[in-house]
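The values are calculated or read from the model by the stated rules, or taken from the named source; none is laboratory data. Since the structure is predicted, the reported quantities are computational estimates derived from the model, not experimental observations. Cβ atoms come from the backbone with ideal geometry, glycine included; neighbour counts cover every protein chain shown. Side chains included, ligands, DNA and RNA excluded: accessible areas come from the protein's heavy atoms. Shrake-Rupley method; radii C 1.70, N 1.55, O 1.52, S 1.80 Å.
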Amino acid sequence: MLADKIKDILYGYVMRKSISYSQGEREAEEYFLDFFGKQEYFQTHPRYYGAFPIEGDPFGRGAVWAMVKGKGPDTVVLIHHYDVVTVEDFKTLKEYAFTPDELEKRLMEIKNSLADEAREDLESGKWLFGRGVCDMKGGGSVQMALLSEYAGREDFQGNVIVLGVPDEENLSAGMRAGVLLLDRMKKEYGLKYKLMINSEPHQRKTKEEGLFSFGSIGKLMPFVYVRGCLAHAGKVFEGLNPVNIMCEIVRGTEVQMDFSDVVGKEAAPPPTWLYLRETKQSYDVSMPLAVNGCLSVLTLNQSPESVMAKLRKVCEDSFETVLADMNRNYRRFAKALGRLETELPWKSKVVDFGGLIKEAAENYGGKFEAAYAEELRSLRQRIQRGEESLITANFGLVEFVYNYIDDLSPRVVIGLMPPYYPNAANILRQEKEEKAAGLFDSLKGFAKERWGQEYGREDFYTGISDLSYSGISNSRKIEESLKNNMPFFGEIYSLPLAEMQNISMPCVNIGPWGKDFHKLTERVYKEDLYERTPEILDFAVRETLLG
């Protein structure tokens with residue numbers, strides 16, 4: 001039975017401790033290849049499965065794939081990620097995190113310490129617990145089981161590819177390599193991509209209604225570096241504290257709906273700051289010279305260019321607000337001391353990272369360019385060795401460039417940090433939306449007739465997913481914006497933008513019902529996992545290839 005096959009695949013997949021950005025992801029990769037390599041179809045057609053290496057990857061990881069090649073060019077691509085988050089939250093149950101049956105026994109022993117809903121689900125026996133069973137080896141196992149079924153059918157109409165990738169929980173290096181693979185396969189096999197299906201778990205708004213997502217929310221990570229003017233704390237008006245400006249910028253951006261775009265009845269959650277530091281290494285009685293931080297901005301239909309324009313405006317306004325406030329207080333201070341009222345010398349100045357680079361190059365020419373290239377090389381090596389994070393490396397690079405900046409007056413530098421997830425939704429493109437609307441009606445009708453189960457639709461999967469790389473339409477404009485704003489773009493971090501546009505296809509997320517992603521009580525609904533999702537996924541494939 002298909003349900004038994006899914007369970008067998010899943011238990012083996014989960015046992016591979018493929019923590020994101022670790023050597024363990026190779027274990028899941030090998031499991032995937034071994035599963036298909038044992039099947040007669042792929043032994044007969046060894047060119048129809050394999051691993052596509054991620055260039056320069058420190059762990060030697062790759063995107064793994066298998067394809068059933070049938071009649072005609074029409075192709076459905078099924079994607080899933082096999083990396084999982086860490087298990088620190090499991091505490092004394094860490095050793096059972098990757099063995100669902102044993103974990104269930106251990107959870108039963110501490111069930112009274114669990115949240116009510118989790119305890120009730122555990123006692124019901126209707127849910128499978130374990131790291132990765134929900135996010136998202138459950139959906140991946142369904143895809144693998146279905147493809148093995150298709151491989152046994154004669155006269156298969158169309159083509160189906162299953163693509164398994166690492167690193168989704170980190171920087172999506174696997175899916176970015178997967179795009180290159182799909183572009184190559186399109187040319188090599190003459191494929192016509194009709195639909196990309198991800199099988200991330202869905203969260204239900206009500207117990208009675210499942211959910212299909214016909215797109216995925218985008219994500220940008222802008223950074224802000226504020227350079228002040230250092231002074232002793234007893235001489236505050238001789239300097240400019242960058243903390244003051246940064247606080248104003250944070251207040252102008254944190255959960256501010258001006259950054260949240262709306263499409264139909266869906267809205268992107270507003271921004272939040274993820275990192276904020278001043279650069280002093282030890283305590284003394286002077287102001288910090290600089291403060292830096294980054295924030296997460298989720299998008300439905302915004303481009304990097306439009307987000308950065310909004311951020312620049314907030315930074316300019318914040319700078320002006322702080323200067324006006326400082327000047328008011330300086331006049332009051334001067335008056336209290338019987339001095340003549342005057343103005344402080346500071347002026348508002350906001351530049352993007354590209355502008356800072358240009359200024360350094362104009363100042364020092366080839367000397368700067370050679371030193372900058374060497375610094376990038378060194379940072380790449382330190383990141384790959386785990387000695388430096390992307391965040392600290394990013395701000396270290398800004399500090400490095402400042403060694404070649406002669407104008408040391410206060411300013412704000414803005415830019416982007418990796419990763420970049422483009423917003424992808426069928427509703428944004430008419431030709432895709434027409435196909436998506438018809439598919440949703442068919443899927444909804446099928447589930448209702450088959451089980452009496454209702455399914456709703458959303459246009460954006462808000463959990464962030466690899467569906468972001470299912471295609472774009474303005475690759476050149478995006479590339480120009482990233483080159484100007486992202487220090488590591490094209491060096492330490494790259495996006496196959498032209499290839500993304502070349503493989504562009506409608507997308508949908510069809511996955512099982514899950515709860516508590518990334519938590520101790522991560523779980524997936526067994527009926528969805530073993531029965532409904534496989535049949536719905538199979539229906540979507542057949543509807544796309546035969547419809």
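Just to be sure I understand, how many residues within segment 16-68 are without any contact (Cβ under 8 Å) to a residue 12 or more places away in the chain and part of a strand (DSSP E or B)?
Counting residues in segment 16-68 that are without any contact (Cβ under 8 Å) to a residue 12 or more places away in the chain and part of a strand (DSSP E or B) gives 0.
Considering segment 271-316 alone, what residues qualify as being in a strand (DSSP E or B) and among the hydroxyl-bearing types (S, T, Y)?
Listed by number, the residues that qualify are T272, Y275, S286, S296, T299.
Being closer than 30 Å to S468 by Cβ, out of contact with any Gly (no Cβ under 6 Å at 6 or more places or on another chain) and modelled with pLDDT of 95 or more narrows it down to one residue among I79, I110; which is it?
One residue alone meets the criteria, I79.
Say we look at segment 13-37 and pick out the residues that are of a type in the set (S, T, Y) and under 20 Å from the mean Cα position of the chain (by Cα); which of these is most open to solvent (accessible area, probe 1.4 Å)?
Y21
Residue by residue through segment 525-534, note down the ones that are assigned to a helix (DSSP H, G or I) and either under 28 Å from the mean Cα position of the chain (by Cα) or at pLDDT below 95 (or both).
The answer is K526, D528, L529, Y530, R532, T533, P534.
Hey, M308 hits all of (1) over 20 Å from the mean Cα position of the chain (by Cα); (2) open to solvent by less than 40 Å² (accessible area, probe 1.4 Å); (3) under 18 Å from G415 (Cβ atoms) but one; which does it fall short on?
(1)
Answer yes or no as to whether G445 is open to solvent by 20 Å² or more (accessible area, probe 1.4 Å), under 19 Å from the mean Cα position of the chain (by Cα), over 17 Å from I197 (Cα atoms) and free of Cβ contacts under 8 Å to residues at least 12 places away in the same chain.
Judged against the criteria, G445 is not a match.
Which pairs do you get when a residue that is under 11 Å from S303 (Cα atoms) and open to solvent by less than 60 Å² (accessible area, probe 1.4 Å), found in segment 467-485, comes within reach of a residue that is in a helix (DSSP H, G or I) and acidic (D, E), reach meaning Cβ atoms under 7 angstrom, with the pair 6+ apart or on two chains?
Hits for this filter: S481/E305.
Given (1) assigned to a loop (DSSP other than H, G, I, E, B); (2) more than 21 Å from G354 (Cβ to Cβ), where does E499 come up short, assuming only one miss?
If we test E499 against (1) assigned to a loop (DSSP other than H, G, I, E, B); (2) more than 21 Å from G354 (Cβ to Cβ), just (1) comes out false.
If you go through segment 423-480 one residue at a time, how many are of a type in the set (D, E), at pLDDT 95 or above and in a helix (DSSP H, G or I)?
Matching residues across segment 423-480 total 2.
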